[in-house]
Amino acid sequence: MKNVLIAGASGHGTMVLDSLIKEGRYKVIGFIDSYKRKGKLVNDLEVLGTENDLPYLMNKYNISGIIVAIGNNWSRKVMIEKILNIEPKLEMITSIHPSATIGLGVKIGKGTVVMPGAFVNSNSIIGDFCILNTNSSLGHDGQMSDFSSISSGVCTGGNLFLGKYSAISLGANIIENITIGAHSLIGAGSLVIEDVLSSSVVYGSPARFVRQRNPCDPYLNGDNNHLSICKLSI
Ligand SMILES: CC(C)(COP(=O)(O)OP(=O)(O)OC[C@H]1O[C@@H](n2cnc3c(N)ncnc32)[C@H](O)[C@@H]1OP(=O)(O)O)[C@@H](O)C(=O)NCCC(=O)NCCS
């Protein structure tokens, strides 16, 4: 079994740990985290250092893969770039929880996580480094671009196109044949009945445009480290 690390020891990191343990394909050696104290135990696994310690940790523990468990789409992208800069040969692994349902002809990219009870319906294409959270349902022929995410309880009709870095928040519903541009945010509980332009915040039922956003705008409660991670990319 290959030895792997999880980057990000927050709540999302523990969900990814649970998924990897239940899959049984990898041995998780520990976490790395830019902000948590080295030596801290998270679900009995140690925070072994930060991304800067990767060369040492890879050698010491014979690590060949990593999964970046950061919920904010832009922060995840910045951290993945940083890690690949430090260790270009590190394999970016994927985790699909055993209780997720994957339809015929579905393609799932590297670094993506599919959480418990998620449904990915036939012929959908999921890019790299996406998140499909608990009990989300992506309709048939959906496309999720790299670094996009759907939160728990999201339900989309067929033929969704979700742009790069865009996030659909908790429990939102999206009718069929909708295109959502890049860097956009659909607020929790929304009902989306028309296309959404790039870099937009929309919410409500039906969802209406609220304001424009830029990639460094946080959208998750407790997203305290997002701004400092964001600065790494500027
Ligand atoms: C969209 C979101 C970021 C809030 O956006 P915001 O514009 O900063 O919202 P504010 O908190 O400033 O609220 C502004 C107004 O919009 C309303 N509002 C906020 N979010 C709303 C939503 N999702 N649907 C409807 N109305 C909403 C507020 O009640 C407030 O109304 P008021 O002016 O009448 O008091 C937030 O609702 C959201 O969806 N976050 C993502 C949550 C999530 O999915 N987390 C994932 C966990 S895995």
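The values are calculated or read from the model by the stated rules, or taken from the named source; none is laboratory data. Since the structure is predicted, the reported quantities are computational estimates derived from the model, not experimental observations. Counting neighbours? That spans all protein chains shown, and the Cβs are built from the backbone with ideal geometry, glycine included.
A few remarks follow.
- If the condition is being part of a loop (DSSP other than H, G, I, E, B) and surrounded by 24 or more Cβ atoms within 10 Å (Cβ to Cβ), then the stretch 131-152 contributes S136, G142, F147, S148.
- Any hit, the stretch 39-53, residues being of a type outside the set (D, E, K, R) and crowded, with 21+ Cβ neighbours inside 10 Å: yes
- Complete set of residues in the stretch 142-160 that are within 16 Å of the ligand (Cβ to nearest atom) and not hydrophobic (A, V, I, L, M, F, W, C): S148, S149, S151, S152, G153, T156
- For the stretch 178-203, a residue qualifies if it is of a type outside the set (V, I, T), touching a Leu at 6+ places or on another chain (Cβ under 8 Å) and assigned to a loop (DSSP other than H, G, I, E, B), and the qualifying residues are G181, S184, A188, G189.
- Inside the stretch 161-176, residues that are in contact (Cβ under 8 Å) with a residue 40 or more places away in the chain and either within 14 Å of the ligand (Cβ to nearest atom) or under 16 Å from S124 (Cβ atoms) (or both) make up a count of 3.
- If you go through the stretch 48-72 and pick out every residue that is within 24 Å of the chain's Cα centre (by Cα) and on the phi > 0 side of the Ramachandran plot, you end up with 1.
- When the stretch 177-212 is filtered for residues that are within 9 Å of the ligand (Cβ to nearest atom), surrounded by fewer than 17 Cβ atoms within 10 Å (Cβ to Cβ) and under 20 Å from C130 (Cα atoms), only A188 remains.
- Residue match in the stretch 67-88 (condition: assigned by TED's automatic domain parsing to the domain that holds G8 and in a strand (DSSP E or B)): yes
- Test: residue in the stretch 118-127 that is hydrophobic (A, V, I, L, M, F, W, C) and within 16 Å of the ligand (Cβ to nearest atom): yes
- Screening the candidates V47, V106 for the property of being in the same structural domain as S166 (by TED's automatic domain parsing), away from the ligand (no atom under 16 Å from the Cβ) and modelled with pLDDT of 95 or more yields one hit, V106.
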